[in-house]
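Please see the structure below; I have some questions.
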Amino acid sequence: MSTATHDATHGHGDAHGHDDHAHAHKPTGAMRWIGSTNHKDIGTMYLWFSFTMFLVGGAMAMIIRAELFQPGLQIVRPEFFNSMTTYHGLIMVFGAIMPAFVGFANWLIPMQIGAPDMAFPRMNNLSFWLLPPAALLLIAAQFAPGGGAGVGWTMYAPLTTQAGPAMDLTIFAVHILGMSSIMGSINIITTILNMRAPGMTLMKMPLFCWTWLITAYLLVASMPVLAGAVTMTLTDRHFGTSFFNAAGGGDPVLYQHIFWFFGHPEVYIIAIPAFGVISQVIPAFSRKPLFGYASMVYATASIAILSFMVWAHHMYTVGMPVEAQLFFMYATTLIAIPTGVKVFNWVATMWKGSLTFETPMLFALGFLFLFTLGGFTGLVLSITPVDVQIHDTYYVVAHFHYVMVAGALFSAFAGIYFWLPKWTGRMYDETLGKWHFWLSLIFFNVTFFVQHFLGLAGMPRRVPDYALQFAEFNAISSVGAFGFGLSQLLFLYVVLKCITSGPKAEQKQWEGADSIEWTHLPSPAPYHSFATPPVLK
Amino acid sequence: MNPGQTENANWRMFARLSVLALLMFGFGFAMVPYYKKFCEVTGITNLLQPNAKQSEITNSQVDKSRWVTLEFDANTHGMPWQFAPLQRSVRVHPGEMTQVEFQIKNNGSGALVGQAIPSYGPKQGAAFVKKLECFCFRQQALAAGETRRMPVQLVIDPALPANVNTLTLSYTFFEVPAADVKKSSAAGAANGKAG
Ligand code: HEM
Ligand SMILES: [Cu+2]
């Protein structure tokens, strides 16, 4: 994430071949970033963009939790509340979590497979620069006539076909985000399949690269389906089609099928790169190679394939035939098997290892416990008769925050603390990092654990007001949320302190880290690395 | 591979993956006809249409083990109205919904408003006749020579004592003095909507 250290290590000698920087001097100032085709610059921009969106989406969550602190309507109007839940979800998913892991991919994949850069550096630049306009559209939607579209991040018809102009801005933003993701994914697949250094066979790749290869295929296969769904919404709104309009022969339930055909793979698009980061961090701090590497690859691939066959577990209550409910229930519970394989492999990696508990490892362990808990509640939800009871309650909200916040977000924190020394050449403050972990862990659970109880007691999601018996748990959850939000400012401080004044990091900062960015490249990694492929045994 | 070869291979890969993305975009739209067909074949779209199964729906409140005979009687009190039930009696199970009809005709030379007053035999039976709709809920206004058919919808409460097998429901029409004529019911009756 450093900007200052690049120049010092930028040598002309290694800048030849097909790299776009080959002939020009590196521009300075804003142009350096706007025009950059360097995978490290682009990775840095993705990560900062992601963190900015995390703060914007987080501010929206604070508004939601402030309103829900007490029963009754105190702070915002219900329409605005609905808009907040909608854009909080969209911004966290498409603006914070996904770009964070694309940022990791950009920084790490070329360095881990011994490639000089991504396969298509210019397209890489475009992929990133599509994101800020999309984010601005989502924010601008708040100021459209009638306010933001309070339709939920799932954007179900017929609400969306009737919503105000904000919906059009939102649809356009989703189109742009989709294009960015698809281009990014094509870049990643091509880089991994075509640009590995000699000797770096697929089955020798660090697991992080494997998880991104699989995720990128998921993205190429599922993002276009979402683009199709929102395109249909758009033509229903303005061009007289009736895809989802019952009066014209369409069916709003069809929207849900198309959306969740994208939507379930999407949750694995978020989770699988997180698995990849954890699979790097746990072996490093256990000082043992990853247990069951091959089974990890196969488990990830089978999760990806299965994820296309379970979408209707989000739709048990739409009136499906019982046979279909049974099919989707069994298919969903099946996913627990490869996921279990992964969890057991991580645990087995730690078995008899010489463990140390630096911040990345703490976040990885937090991930391991809490993601697994989220997986358990997912299993509960996969059971049709149970889900019919707790669908669209706070139980669901608790479930997906365990997998997305304690899962994906904790994994991103683990990855950032783990690779910061390699990226910036400086060490972060270990004490403050540990504070960030413990505060996040505690406040996360205060926020979301009680939401299980709220859901089981019947509190519906996406409501600005609620019955009195839910008051205590909601107050607790809101206090937790404010604490969680504040703790993330500490994270910002730790990162800035590391970049500006952290002590110098070593090439192999972590004793147990063994992928080639640690063994073959100095810290910070030079601006151009592996211009000539490394020699791998 | 030298850099040139890699570049070619990369663009081939780019083309292949773009085609995959386009195909998946098309797949989203292909789900539209596919979904229609699927619902047709599995009969899901018929959910809202009446089908064989729906006529089998039974009312568990009906006491099939008993029959009760309902007899009807109609009188007028000092009015030139001809008033009669269209069926003398019906046999029903307690708990079962029944509809019967009565007819009135104004044989007088002017418009008149009447109110029907029910009575029951045996008298205790009154508590067990649950009327959902009755012409006696309203005043009836009839022009000279006008005829009207009027339904009564009722259910016999299954709690009806076991020794009661026959119930008589009797109505008598009384003339309503001009001062007591209710605007709404008279108007309702006049346009023939009142039951
Ligand atoms: C400070 C951390 C966070 C807090 C306090 C928080 C709180 C909330 C709240 C209160 C809701 C609304 C529940 C409702 O009524 O529907 C919500 C929804 C949601 N959150 Fe979070 N959240 C946080 C972080 C995240 C992150 C990091 C993600 C992304 C991975 C995320 C994804 C979602 C999604 C997808 C929804 C559903 C939106 C909808 O259905 O309309 N959240 N969150
Ligand atoms: Cu799902």
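Could you look through the stretch A:288-304, keep only residues that are exposed (fewer than 15 other Cβ atoms within 10 Å of the Cβ) and either of a type outside the set (G, A, S) or within 16 Å of A:G375 (Cα to Cα) (or both), and pick out the one that is farthest from ligand 2 (Cβ to nearest atom)?
Once the filter is applied, the top-ranked residue is A:P289.
With the requirement that a residue be open to solvent by 70 Å² or more (accessible area, probe 1.4 Å) and closer than 25 Å to A:S286 by Cα, what does the stretch A:481-519 give you?
Result: A:P503, A:K504, A:E506, A:Q507, A:K508, A:E511, A:D514.
Another question, if that's okay. Kindly indicate the residue of the stretch A:244-253 that is facing chain B (nearest Cβ under 10 Å) and free of Cβ contacts under 8 Å to residues at least 60 places away in the same chain and also least open to solvent (accessible area, probe 1.4 Å) among those meeting that condition.
Taking the candidates together, the pick is A:G250.
Turning to a different aspect of this structure: Consider the stretch B:166-195. How many of its residues are modelled with pLDDT under 90 and surrounded by 12 or more Cβ atoms within 10 Å (Cβ to Cβ)?
Of the stretch B:166-195, the ones modelled with pLDDT under 90 are B:177-195.
After this cut, where a residue has to be surrounded by 12 or more Cβ atoms within 10 Å (Cβ to Cβ) as well, the list is B:181-182, B:185-190, B:194-195.
Of the residues in the stretch B:166-195, 10 are modelled with pLDDT under 90 and surrounded by 12 or more Cβ atoms within 10 Å (Cβ to Cβ).
With B:A30, B:A84 as the choices, which residue is within 14 Å of chain A (Cβ to nearest Cβ), open to solvent by less than 90 Å² (accessible area, probe 1.4 Å) and modelled with pLDDT of 90 or more?
B:A30
Would you check if B:S60 is at pLDDT 75 or above and more than 10 Å from every other protein chain (Cβ to nearest Cβ)?
Answer is yes for this residue.
Anything in the stretch B:121-152 that is assigned to a strand (DSSP E or B), out of contact with any Ser or Thr (no Cβ under 7 Å at 6 or more places or on another chain) and not hydrophobic (A, V, I, L, M, F, W, C)? List them, or say none.
We begin by selecting, within the stretch B:121-152, every residue assigned to a strand (DSSP E or B); these are B:121, B:129-133, B:140-142, B:147-152.
Okay, now just the ones that are also out of contact with any Ser or Thr (no Cβ under 7 Å at 6 or more places or on another chain), so B:129-133, B:140-142, B:147-152.
The answer is B:K130, B:K131, B:E133, B:Q140, B:T147, B:R148, B:R149, B:P151.
To keep it simple, each residue is scored yes or no on (1) away from chain B (no Cβ under 11 Å); (2) within 16 Å of ligand 2 (Cβ to nearest atom).
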residue: A:T231; (1), (2): no, no
residue: A:L234; (1), (2): yes, no
residue: A:F262; (1), (2): no, yes
residue: A:P265; (1), (2): no, yes
residue: A:I269; (1), (2): yes, yes
residue: A:Q280; (1), (2): yes, no
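Let me ask another. Any chance the stretch A:451-466 includes a residue that's free of Cβ contacts under 8 Å to residues at least 12 places away in the same chain, open to solvent by 50 Å² or more (accessible area, probe 1.4 Å) and of a type outside the set (F, W, Y)? Let's see the steps before the verdict.
First pass over the stretch A:451-466, keeping only residues free of Cβ contacts under 8 Å to residues at least 12 places away in the same chain: A:463.
Now narrow it down to the ones that are open to solvent by 50 Å² or more (accessible area, probe 1.4 Å): none.
No: the stretch A:451-466 contains no residue that is free of Cβ contacts under 8 Å to residues at least 12 places away in the same chain, open to solvent by 50 Å² or more (accessible area, probe 1.4 Å) and of a type outside the set (F, W, Y).
Kindly list the number of the only condition in (1) open to solvent by 30 Å² or more (accessible area, probe 1.4 Å); (2) more than 16 Å from ligand 2 (Cβ to nearest atom) that fails for A:H314.
A:H314 satisfies every listed condition except (2).
I'd like the full set of residues that are of a type in the set (F, W, Y) and not in a helix (DSSP H, G or I), limited to the stretch A:465-482.
A:Y466
Does the stretch A:82-96 contain at least one residue that is more than 14 Å from every other protein chain (Cβ to nearest Cβ), within 16 Å of ligand 2 (Cβ to nearest atom) and at pLDDT 95 or above?
Filtering the stretch A:82-96 down to residues more than 14 Å from every other protein chain (Cβ to nearest Cβ) leaves A:82-96.
Next, only the ones that are within 16 Å of ligand 2 (Cβ to nearest atom) stay: A:89, A:93.
If we keep only those that are at pLDDT 95 or above as well, we get A:89, A:93.
Yes: one or more hits.
In this structure, is A:M320 more than 16 Å from ligand 1 (Cβ to nearest atom) and open to solvent by 20 Å² or more (accessible area, probe 1.4 Å)? Spell out the reasoning first.
Working: more than 16 Å from ligand 1 (Cβ to nearest atom): yes; open to solvent by 20 Å² or more (accessible area, probe 1.4 Å): yes.
When the stated conditions are applied, A:M320 passes them.
Could you list all residues from the stretch A:420-447 that are in a helix (DSSP H, G or I) and open to solvent by 30 Å² or more (accessible area, probe 1.4 Å)?
Passing the criteria: A:E430, A:T431, A:L432, A:K434, A:W435, A:W438, A:L439, A:L441, A:I442, A:F443, A:N445, A:V446.
Looking only at the stretch A:105-137, how many residues end up being of a type in the set (A, V, I, L, M) and in contact (Cβ under 8 Å) with a residue 60 or more places away in the chain?
Going through the stretch A:105-137 one residue at a time, the tally reaches 11.
Then there's this: Could you please give the count of residues in the stretch A:204-228 that are at pLDDT 95 or above, more than 10 Å from chain B (Cβ to nearest Cβ) and in a helix (DSSP H, G or I)?
Number of matching residues: 10.
Further question: Could you pull out every one of the helices (runs of 4 or more DSSP H) wholly within the stretch A:23-114 that has 2 or more residues that are out of contact with any Lys or Arg (no Cβ under 8 Å at 6 or more places or on another chain) and buried (at least 22 other Cβ atoms within 10 Å of the Cβ)?
In the stretch A:23-114, the matching helices (runs of 4 or more DSSP H) lie at A:39-68, A:78-90, A:98-113.
The values are calculated or read from the model by the stated rules, or taken from the named source; none is laboratory data. Since we're looking at a predicted model, the values are computed, not measured. Virtual Cβ from ideal backbone geometry, glycine too; neighbours counted across all protein chains shown. Side chains are part of the model used for accessible areas, which takes the heavy atoms of the whole protein and leaves out ligands, DNA and RNA. Shrake-Rupley method; radii C 1.70, N 1.55, O 1.52, S 1.80 Å.
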